[in-house]
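Any read-out appearing in this document is the output of simple, stated calculations on the displayed coordinates, not a laboratory observation. Remember, predicted model here, so these are calculated numbers, not experimental data. FYI the Cβ positions are ideal-geometry reconstructions off the backbone, even for glycines, and counts take in every protein chain you see.
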Amino acid sequence: MKKIISVGRGGTGKTSFIAGLSFVLRDKSPLLIIDADPDESLSHFLGAENFKTISEVLFDIKEKKVREEVEKLTLPEKINYLIQQEAIYEGDFFDFISLGVKWSEGCYCQPNNILKGIIKRLEKNYNLVLIDSPAGLEHINRRITTDLDYLFILVDPSQKSLESIGRFKKLLQELKIKFKEIFIVANFRYPEDKLYLIEKETGLACIIKLPYDKEVEELALKGEPFYKLSKNSLFLKKIKELVENLKL
Ligand SMILES: Nc1ncnc2c1ncn2[C@@H]1O[C@H](COP(=O)(O)OP(=O)(O)OP(=O)(O)O)[C@@H](O)[C@H]1O
Ligand SMILES: [Mg+2]
């Protein structure tokens, strides 16, 4: 099983990147896609609907809003059963779960550990796990997953974008998050003539420069799923190249 995550500052294109990857990798099923961003935009990009988030399921259990026969089960049994029944969206070529709202202190007993346990159990059933994360670094503190294969950092042309990478690398070390490879992805706004600055300033290789793609922009505006992108989509073509390069 290979695990891939996209991270980066707000609006750099993390969610679009994961949606694009999932589409290009659709033949590698079983594929699990995890939305770790409470804003849940990935579900729109994937066309996933009528499911509960993991947070909602755990909240139902806490508030005893479950059927009588489920209430009789032990806590781990309840969690397993309800997640399987209500929180896994089954798409044509992927399964999808959304973690939902950020947990606050006292909200549930060790929710992050529960989440971590759930993800660990679930991911065993898949060849490939793709994770979309919220903007910034704070979520890394949730440490919902500590073993990754590919970590893609999306950057835009702002100075802050490159600056934040130093802090990010430090945090990964402090939290003992393991990964095999870490790559920079220059986003659709990043100018070609400034690509050389990336490695110079961050010490990390830029593996790909994503093109601007009008189709991607329009789908996001309408809230429509990525499978509507045409075969000629520049964005998908570029992601395909990346997938081939990395032999994903
Ligand atoms: N290759 C592209 N070409 C044109 N527009 C793009 C491209 N990639 C992303 N966008 C647009 O940029 C905006 C932000 O993209 P996206 O939601 O993927 O970013 P994000 O990093 O996930 O944002 P957030 O930090 O809010 O989660 C969207 O409107 C999207 O359509
Ligand atoms: Mg996003």
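Counted over region 144-199 with a bin width of 5 Å, the fraction of Cα pairs per bin, in whole percents, is 4, 16, 28, 22, 15, 11, 3, 0. Each DSSP beta bridge with both residues in the chain is either parallel or antiparallel, and the antiparallel ones are about 5%.
Computed over the alpha-carbon pairs of the chain, the distance histogram in 10 Å steps reads 7, 31, 35, 19, 6, 1, 0 percent, short to long.
Under the combined filter of DSSP loop state and at most 12 neighbouring Cβ atoms within 10 Å, region 170-216 retains these trypsin sites (Lys or Arg not before Pro): 176. Using a 10 angstrom Cβ neighbour count of at most 12 plus a DSSP loop assignment to flag exposed GluC sites (Glu not before Pro), which longest range of the chain is free of such sites? In short, 106-248. With Kirkwood's inverse mean 1/r over C-alpha pairs for Rh, give me the Rg to Rh ratio of region 19-58, two decimals please. Rg/Rh for region 19-58 comes to 0.99. Applying Stokes-Einstein at 37 °C and 0.692 mPa s to the Kirkwood radius of region 127-248, computed over alpha-carbon pairs, gives a translational diffusion coefficient of 206 µm² s⁻¹. Residues 9, 67 in ascending order of nearby Cβ atoms (within 10 Å, fewest first): 67, 9. With 30 Å as the limit on Cα-Cα distance, the pairs of 170/194; 3/78; 64/170; 120/222; 62/222; 65/222 that go past it are 64/170; 120/222; 62/222; 65/222.
As a test of understanding, state the convex hull volume per residue of region 39-105 from its alpha carbons, in Å³.
94
Over all pairs of different C-alpha atoms, region 1-93 has a mean inverse distance whose reciprocal, the Kirkwood radius, equals 15.0 Å.
Calculated [222 nm] ellipticity per residue, helices only, for the chain: -11000 deg cm²/dmol; basis is -39500 (n - 2.57) per DSSP H run with n ≥ 4, divided by all residues, nearest 500. Legend: ranking of residues 15, 74, 145 from fewest to most surrounding C-beta atoms inside 10 Å; resulting order 74, 145, 15.
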